[in-house]
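These notes are about the structure you will find just below.
Each reported figure results from applying straightforward, stated rules to the coordinates on display, with no laboratory input. Bear in mind that the values here come from a model prediction, so they are computed numbers and not experimental data. Here Cβ is always computed from backbone atoms with ideal geometry, including for glycine, and neighbour counts include all displayed protein chains.
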Amino acid sequence: MSNSSLASMFIPAKWYSKGRDGRHIEMITLHHMASILTAEQCGKSFQGTRKASAHYGVGVYGEIGQYVDECNTAWANANWDSNCKAVTIETSNDEVGGEWHVSDTTLRSLIKLVADIAKRNNLGKLVRGKNLTWHSMYAATACPGKYLLSKIDYIIAEANKINEYEEPKKEEEFEVAKVYKNGSTIEKVYADTNLTKQVGSLDKYEQCECLAIVNGRYLVKYKVNGTNNYKCGFVKYSGGVK
C-alpha cells in the first residue's frame, strides 16, 4: 500500500490507529477544514490535543500535505468502519462561513489527489456515495460544506477523466423509427460503431429508417438496391435525425 507522490510534505499526526483493523481501502472521503489554512497548518493541528486526523490535506494555495500513511487509519469520519475503509482528505476553504467556498486552485489539486488515490488503490470508476464519499454521510455535521458538496459530481467526473473512465456515449433507441435523409454524397454503411467494416452504402438523397443511436453512430435500416431485401448498419452522418 503506497502513499501519494503528490504530497509535498509529511507532517505526522498524533492521533491515528495502526493498520486497518482487518479492512481494506474501499473509498475516499472528503472533508473541509472550515478554515483558511495551508496544508502545513492543517497538519500541525493534528499534533495537538484534538483527537482527530486525516490522511491528506489540500491547502489554500493548492499544496498537498500528508499526515497519516494510507496503510493506517486516520480519525476523520467519526465512524470507525468508514475510517477503516477510507482515505480521507481535508480541503482548505478560501472563505469562512456562508457556503464555505473552495478556490479553483485548491479544487484542481483535490481532483488530482482523488484521481491518484483511486488509481493506486484500484477503486475503479468513482461513483457518488459509493467509493467517493463525504463526512456528513457518516456523522451529523455540515462538513464538507455546501460549496464542496455542490462540486461532488464535478470532482468525480474530472477524476474519472484523469483515470480514463469516461462516461459512455448515450445510446438512444427510438420507439418509432425516425426518417433518415441522406445528403448529396454516397454514405457508407458499416457493420460496427467503430466504422471499420463496410457492408453497404446509401445512395445520394436516399431515405430510410433510423432505428437508434449507438455510441454516437446512427443505426439505419435500408433497402438493398434492385431487391426487396433490407439490411441494417451504422452510418456517420446524422441524416437530419435528432
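Figures for the structure shown
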| item | result |
| --- | --- |
| Principal axis box of the range 1-143, alpha-carbon based, largest edge first, Å | 38, 35, 32 |
| Restricting the range 90-135 to trypsin sites (Lys or Arg not before Pro) in coil, as DSSP defines it, with at most 13 other Cβ within 10 Å | Lys130 |
| Share of alpha-carbon pairs per 5 Å distance bin for the range 172-235, given as whole % | 4, 20, 29, 28, 15, 3, 0 |
| Label-point gap, in nm, between Trp80 and Val179 - each point 7 angstrom along Cα→Cβ | 7.0 nm |
| The range 67-97 residues near the modelled Tyr61 label - backbone nitrogen below 12 Å, point 7 Å along Cα→Cβ | none |
| Within the range 200-242, chymotrypsin sites (Phe, Trp or Tyr not before Pro) in DSSP loop having at most 13 other beta-carbon neighbours inside 10 Å | Tyr205 |
| Estimated distance in nm for a label pair at Glu95 and Lys130, the labels positioned 7 Å out from Cα along Cα-to-Cβ | 3.4 nm |
| Of Lys18/Lys125; Lys14/Lys44; Lys85/Lys125; Lys181/Lys236, those spanning more than 21 Å from alpha-carbon to alpha-carbon | Lys18/Lys125 |
| Nonlocal amide H pairs with Glu209, under 5 Å, H built at 1.01 Å | Tyr180, Lys221 |
| Extension gain from Lys236 to Thr196, taking 0.36 nm per residue of separation minus the Cα-Cα distance | 13.2 nm |
| For the chain: relative contact order, % (alpha-carbon pairs under 8 angstrom, 6 or more apart) | 16 percent |
| Helix-only mean residue ellipticity at 222 nm for the chain, each DSSP H run of n ≥ 4 adding -39500 (n - 2.57), per residue, nearest 500 | -5500 deg cm²/dmol |
| Percent RCO, i.e. relative contact order, over the range 1-75, from Cα pairs under 8 Å lying at least 6 residues apart | 47 percent |
